[in-house]
Amino acid sequence: MAVIIAVEATPTFQPLEILTDSKYVINGLTTHLGTWEDRGWIGIKNAPLFKKVAHLLRKCTAPTSFRWVKGHDRIEGNEESDRLAKEGAVKDTEDRIDLTIPVEFDTQGAKLNTLTQALAYRGIKESQHPAP
């Protein structure tokens, strides 16, 4: 969520360096993003957040870079991010977060060349909503 807020707060023409202690976020947005999109986001945790960030980053005309920093190492922005996350975790009410992306960007389904029987089955299971 912090990456979404940072990208939204930065003009699209301004270079951006995102410091994070999350290798999951860095690897997800750099190494794994193409594969996740090809797989139709099937089985990907936090897919709506990653989709939103990917959309926002693709709107940027200036480069964006990611740098891993050690957590709890007195880095001001990282410490503030941790503080805000803890504050948010104990709130009584949820914040409304707009994770919508344009329809033309929201690709659906896996590419055929990446589809396996197991992936197809998992995608079917994810798309089914349990009866109330």
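If you take just the helices (runs of 4 or more DSSP H) that sit entirely in region 1-108, which of them hold at least 2 residues that are touching a Cys at 6+ places or on another chain (Cβ under 8 Å) and loosely packed, with under 11 Cβ neighbours inside 10 Å?
Values: elements: 2-9, 23-29, 33-38, 47-59, 76-89.
It comes to none.
Would you pick out the residues in region 109-132 that are assigned to a loop (DSSP other than H, G, I, E, B) and among the β-branched types (Val, Ile, Thr)?
Residues of region 109-132 that are assigned to a loop (DSSP other than H, G, I, E, B), as a first pass: 109-111, 115-116, 128-132.
Listed by number, the list holds a single entry, Thr116.
Taking into account only those residues within region 11-50 that are under 13 Å from the mean Cα position of the chain (by Cα) and small (Gly, Ala, Ser), which is farthest from Lys70 (Cα to Cα)?
Gly34
Kindly indicate which of Gly28, Gly71, Gly43 is of a type outside the set (Val, Ile, Thr) and touching a residue at least 60 places away in the same chain (Cβ under 8 Å).
It is Gly43.
Every number here is computed from the coordinates shown, using simple stated rules; none is lab data. Note that this is a predicted model, so its numbers are computed, not measured. As a convention, Cβ positions derive from the backbone with ideal geometry for all residues, glycine included, and neighbour counts pool all protein chains shown.
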